[in-house]
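First comes the structure, then the notes that go with it.
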Amino acid sequence: LLALALLQAFAMAAFLPLAGGASAPNLVFGVCLFEQVVDAIGNVTLFALMMHHCRAGREGADFTVQACLQILLAGVAAALSGFLASLFSYTVLYALAACSALLIVPLCLLHGRRYPLAQQQWRDARSR
């Protein structure tokens, strides 16, 4: 999760030159491709975590509720991002997105320290 948060922050920051007016085709293609790969990795990670937090015997319902919430929040974030971009600029929007991704890093560290089960699961996953 930490590496993914850092990759997501870097992907959002990579849009800053494009928002500032850079338009070299290779740069546009590279930044968009990189962001899509990071986004796909993020979706797989999110869905795996969602399945991990489903109750035994109720996996289908639990996952469906979680997926609906994720889609709902993605829609709200998309609408909010358009509003922020029109209010400020795309440069500010991508800078905020990169900073918000960086805020996940201390939250992950805090979660790992507060929950011993999370620490054990982390150790088990690393030993495989």
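Bear in mind that the values in this text are calculations on the coordinates, not laboratory data. Note that the coordinates shown come from a computational prediction; the quantities given were computed from them, not determined experimentally. Positions of Cβ are backbone-derived with ideal geometry, glycine not excepted, and every protein chain shown enters the neighbour counts.
The peptide list 76-86, 1-11, put in order of mean Cβ contacts within 10 Å with the highest first, becomes 1-11, 76-86.
Out of F34, A11, L109, whose Cα points farthest toward the positive end of the dipole of the chain (charges: +1 Lys, Arg; -1 Asp, Glu; placed on Cβ)? With unit charges placed on the Cβ atoms, the residue in question is L109.
With helices as the sole contributors, the chain gives -29500 deg cm²/dmol at 222 nm; each DSSP H run of n ≥ 4 counts as -39500 (n - 2.57), and the sum is divided by every residue. Only the Cβ atoms of Lys and Arg (+1) and of Asp and Glu (-1) were treated as charged; on that basis the dipole of the chain about its Cα centre amounts to roughly 480 debye. Helix 59-87 versus the longest principal axis of the chain: what angle, 0 to 90°, nearest 10, using Cα atoms? So the inclination is approximately 20 degrees. Output the 0 to 90 degree angle, nearest 10, between the alpha-carbon long axis of helix 116-127 and the longest principal axis computed from the alpha carbons of the chain. The helix 116-127 is inclined about 80 degrees to the chain.
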